[in-house]
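J.: Structure provided below as structure tokens; questions to follow.
Quick note: the coordinates plus some simple rules give every number you see, no bench work behind them. Note that the structure is a prediction, hence the values are computed from the model and not measured. Cβ atoms come from the backbone with ideal geometry, glycine included; neighbour counts cover every protein chain shown.
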Amino acid sequence: MTMRIHVTVNGTEREVDVVESTTLLDFVRDDLHLTGTKECCDLGECGACTLLVEGRAVNSCLMLAAEVEGGEITTIEGLNENGKLSPLQDAFLAKGAVQCGFCIPGQVMAAHDLLQRNPHPTLDEVKEGLSGNLCRCGGYVQICEAVLAASEVS
Amino acid sequence: MNPEPIGASERRFGGRGRVTGEQQFIADIRLESMLHVKLVHVDYGHARIVSIDTKKAAAVPGVVRVVTAEDLPQPMPRFGPVHDDKPILAVEETKYHGQPVAAVVAESKESAEAAVQLVRVEFEELSGVYTVESALAPDAPLVQEPELRPDDPLNHTNVLNEFRAGWGDVEAATADVVIDNVYTFPMITHFAIEPHAFIAAPDDGGVELWTATQNPFQMQRLIARVMGLPVAKVRVHSPDPGGAFGGKQHPKYEPLVAFLALMTGRPVRLLLTLEETFQEVRRTSCRIHARTGFKNDGTLAFQDIRGDFLMGAYADIAERVIAKGSYLACGPYRVPHARVVSRALLSHTTPSTAFRGFGTPQVSWAHESQMDDAARRLGIDRVEIRLRNLPRKGEEFLRGDVPADGDWAESVRNAARAIGWGSPLAAGRGRGLAVAIKAGPTTGASYAIVRLHSDGSATVLAGTSDMGQGARTVLAQVAARELGIPIESIRVVMGDTASVPFDLQTSASRSTVFMGQAIARACAHINAQLREMAAELYGAGPAGVTVERGVVQLTGRTETVGDMLRMRFKDVKGEVIGLGSMRSEYAPDHPLGGAPHFFEFSCTASEVEVDPETGEILLIRHVTVADVGRALNPQHVAMQDEGAAVMGLGHTLMENIILDGAGRISNLGALDYRIPTSKDLPLEMHSLVVENGDGPGPYGSKGAGEGGLMATAPAVASAVTEASGVVIRDLPLTPERVWRAIQERTR
């Protein structure tokens, strides 16, 4: 069964027919062709698929597309403004937080949510806030530094 | 003149696309009319395939084909980096949990998933070999058919190979103290966050592949061989991997998707799940029996090491992992008498392959824990005993091989200082320090093309794989330095066998040295052509012209290369093309087929606090020191070394693939197999470098990036011993294992 979904994606209203069982992750990647959101564990454990629903970070592999009907989602593609990197994105580059990069969209979205809720977190709060996002390159030191640096800019 | 790019922490090339989501990984690539592939497995380790019924699956709407071994060329093509032993799909039996017996090709992922559920596989459970002990048992089932290795005298055993190294006479050697212990190192999975993914498409009488491989040229040759195609008719695109760590070094399902693309005449895509990725790659586990003799002053008298390494059902590159690790199983020390015998054992488990450190973390776990045991027995400081045995720079330590190529004692002293060695410790805390050494690349061939364009910008073509180490950035820094142009005006092209020249592979921390030199030489080739250009343009003899770092100088005239190019290419345009290469040939007489071009030497020091009630280890401070010769990009070195250290903390503290009695992976997936998160970071982490400019790479650099995990386990374990009084010789140091050891000691 398919259904029609109305959702605001990165500020643009969209109307898309999807199979009812489609996860939010597959919806974003396969139906909207926004592939910046990544798939890894499909279990809500790795955080690679993190995006924002109503401004809050979620594991999109654990939600159905149908759950965002009438709502608003923001993906990594919606974070930079007019082609300019956000201070958070820039901090990731400045601090050397980007290695292979596969986890980075999820890390950035989780960090974005964290800074929205807590604009000046402590290091421990950053570690806690990003603990659901795995980085096998092990770049956590630099990722945490980037988030702290971005919090000073904001 | 432009700012000096060497030694500057230039931002990561390709970083922008990785923070905006624009970077395309394999799963992000969409081809017109692409089909989707899902694999069919049996939920058992070693099983005989009785029958496969695909009728119902084939009838699922959207299914294009269901392929089993029978549908592939006969005899089944087999492949591997060393031995051609792995079939494209399981033939007659599955030899490890997760080996596919069939593949469904469908118009959609959903159709393929539905059809997989309907493939009926009747199988007979067979007894399997899942441990070192069972592989060596006299009545052990044979993992591989003897016909696969007809000329091998060991083909009726599960021993694929026995590696021997050593010198002197261990039997005759005398010692004041002999330390005799057995160490085990578990199976670890790579867990790249990007699961393995493959795309193939028919292409102009050949085949085009997209795979995140560290080794696109090997892939190209292999696909050409199994499909009977000329190398030029196989085009391998290798977009930057989303983490590789050795797991994406050698072929996995590329031959399968290539055949499926040709069978269906359409592009096909196979995205493995994380669970399937776990089943495809892992680190070689082992049991090491070390008997080490010491004199009373702490100097080594002999090393007698027997390693039993459990590889998987197919050889992959595991034999090489075992050989390279074992060659340095005595560590970076002066050892008067040494004997190392390591067996490479086949088992009914996931094929083990290259994994960051390549055998070194396993052997350092043993040789460093032995040093600590000796230090405790002899009442010698644990740092001091290492310093007494480390060779000086230039001193031979592997009999008959290249000497120590760095000031290794300097690394140890720096690590000791940074961890506060010798300063008072709080209750419940302890410190440890360990070293490790890995042989760098022994052979290799890297070719580079540098194109200097008419406006003075440049395109670098290099076959290296940028899998997170930042190879693009460092290689661009080399070109920027040699051509005297800003790094912003350089493009580095990689990842396409049809457009970049040959590179052996991205492995063994080789790229800075091999590809870096190839690019430096390509730039020198350009500069030589620029000298001739200047001589011709200005009517001077070439001897009177110099071109260095973007500046042309001849008698009475100094100008930039850019200005000269604009004049020279004013009308018909053009460019200057530089070729460069670095080769190192196979040396049949060397135990590794060639002397290492450098040693990757690393020292780790750690301070921990152990909770005796729970066995939990709190990492207070963690220090790594890497002897990198010269840090071309200090930030890149730090992120690599600290990242490696975090990865090392995984195998030290929590990671371990667990098999059940049927050879099935019990902790299959991210829920049950835990890797370090941000909350597992040590409270303080420091990465230091030693830079003496004594490497063979550009500007005296050596390879880097693996070191940070090579000595993690023995350093942390030594700290745990000081903190808690227990000695543990099996990894990982889980709270349960530590708690049990404390309980046993206090009982």
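J.: Give me Rg/Rg_expected for chain B, where Rg uses Cα atoms only and Rg_expected = 2.2 N^0.38 Å with N residues. Don't jump to the answer; show the numbers that get you there.
T.: Numbers: Rg = 27.1 Å, N = 747, 2.2 N^0.38 = 27.2 Å.
Chain B yields a ratio of 1.00.
J.: Please list, in chain and number order, the residues 5+ apart from residue B:620 or on another chain whose amide H is under 5 Å from its amide H, with Hs placed from the backbone.
T.: B:607, B:608, B:609, B:683
J.: What is the order of A:98, B:341, fewest Cβ neighbours within 10 Å to most?
T.: Numbers: A:98 31, B:341 17.
Listing A:98, B:341 from fewest to most nearby Cβ atoms yields B:341, A:98.
J.: Distance from the Cα centre of the stretch B:534-596 to that of the stretch B:703-747, in angstrom?
T.: About 53 Å separates the Cα centre of the stretch B:534-596 from the one of the stretch B:703-747.
J.: If you don't mind, another one. What is the distance in Å between the Cα centres of the stretch B:97-144 and the stretch A:29-80?
T.: 34
J.: Just to check I understand the Karplus step: with θ = phi - 60° and J = 6.51 cos²θ - 1.76 cosθ + 1.60, what whole-Hz values come out for the stretch B:683-692, glycine and proline as x?
T.: With the stated coefficients, the stretch B:683-692 comes to 4, 9, 9, 9, 10, 10, 10, 10, 10, 10 Hz.
J.: Let me ask something additional. Take each uninterrupted DSSP H stretch in chain B, measure its Cα extent along the helix axis, and return the ones at 27 Å or beyond whose mean Kyte-Doolittle hydropathy is at least 1.6. List each step's numbers first, then the result.
T.: On the way: long enough: B:511-538 (39 Å, 0.34); B:634-653 (28 Å, 0.07).
Going by DSSP H runs, there are no hits.
J.: Another question, if that's okay. Return the Cα extents of chain A along principal axes one, two and three, sorted largest first, each rounded to a whole Å.
T.: Taking max minus min along each principal axis of the Cα atoms, chain A gives 46, 31, 24 Å.
J.: Just want to confirm a number: the relative contact order over the stretch A:87-153, from Cα pairs under 8 angstrom separated by 6+ residues, in percent.
T.: Numbers: 67 pairs, mean separation 36.0, N = 67.
Once normalised by length, the contact order is 54 percent.
J.: Separate question: Using the Karplus equation 6.51 cos²θ - 1.76 cosθ + 1.60 (θ = phi - 60°), what ³J(HN,Hα) coupling, rounded to whole Hz, does each residue of the stretch B:187-200 give in order, writing x for Gly and Pro?
T.: 6, 10, 9, 5, 6, 4, 5, 7, x, 5, 8, 9, 10, 9
J.: Using 0.36 nm times the number of residues separating residue B:546 and residue B:177, minus their current alpha carbon distance, what extension gain do you get? Show your work: numbers first, answer last.
T.: Details: separation 369, 0.36 × 369 = 132.84 nm, distance 6.34 nm.
Contour length minus the Cα-Cα distance gives 126.5 nm.
J.: Normalised by the residues of chain B, what does the relative contact order come to in percent, with Cα pairs under 8 Å and at least six apart?
T.: On the way: 1906 pairs, mean separation 112.8, N = 747.
Reported relative contact order: 15 percent.
J.: Which GluC sites (Glu not before Pro) in the stretch B:11-78 pass both tests, a DSSP loop state and at most 11 other beta-carbon atoms within 10 Å?
T.: On the way: sites: B:22, B:32, B:70; in loops: B:22, B:32.
Here the sparse-neighbourhood loop sites are B:32.
J.: Let me ask another. Taking the Cα centre of each part, how many Å lie between the stretch B:300-362 and the stretch B:1-50?
T.: Each part's Cα centre sits 30 Å from the other's.
J.: Separate question: Under 19 Å from a label point 7 Å along Cα→Cβ of residue B:524: give me every residue in the stretch B:482-517 with its amide N that close.
T.: B:482-485, B:511-517
J.: With a ≥ b ≥ c taken as the square roots of the eigenvalues of the C-alpha gyration tensor of the protein assembly as shown, please select rounded if a/c is under 1.5 and otherwise prolate if a/b is larger than b/c or oblate if it is not? The partial results should precede the final answer.
T.: Values: a/c = 1.28, a/b = 1.04, b/c = 1.23.
Note, shape of the protein assembly as shown comes out rounded.
J.: Counting other beta carbons within 10 Å of each Cβ, put B:110, B:744 in order, fewest first. Present the calculation step by step, with values, prior to reporting the outcome.
T.: Values: B:110 17, B:744 9.
Sorted ascending by nearby Cβ count, the order is B:744, B:110.
J.: Moving on. Output wanted: per-residue J couplings in Hz (rounded whole) for the stretch B:96-107, from phi through Karplus 6.51 cos²θ - 1.76 cosθ + 1.60, θ = phi - 60°, x for Gly and Pro.
T.: Taking θ as phi minus 60°, the curve returns 7, 5, x, 5, x, 10, 7, 9, 9, 10, 9, 5 Hz for the stretch B:96-107.
J.: Continuing with this model, one more query. Find the percent of Cα-Cα distances in the stretch B:269-328 that exceed 14 Å, and round it to a whole number.
T.: Numbers: 1201 of 1770 pairs.
Tail fraction, whole percent: 68.
J.: Given an 8 Å cut-off on Cα distances and at least 6 residues of separation, report the relative contact order of the stretch B:629-747 as a percent. Spell out each step's value before the answer.
T.: Numbers: 136 pairs, mean separation 43.8, N = 119.
Relative contact order for the stretch B:629-747 comes out at 37 percent.
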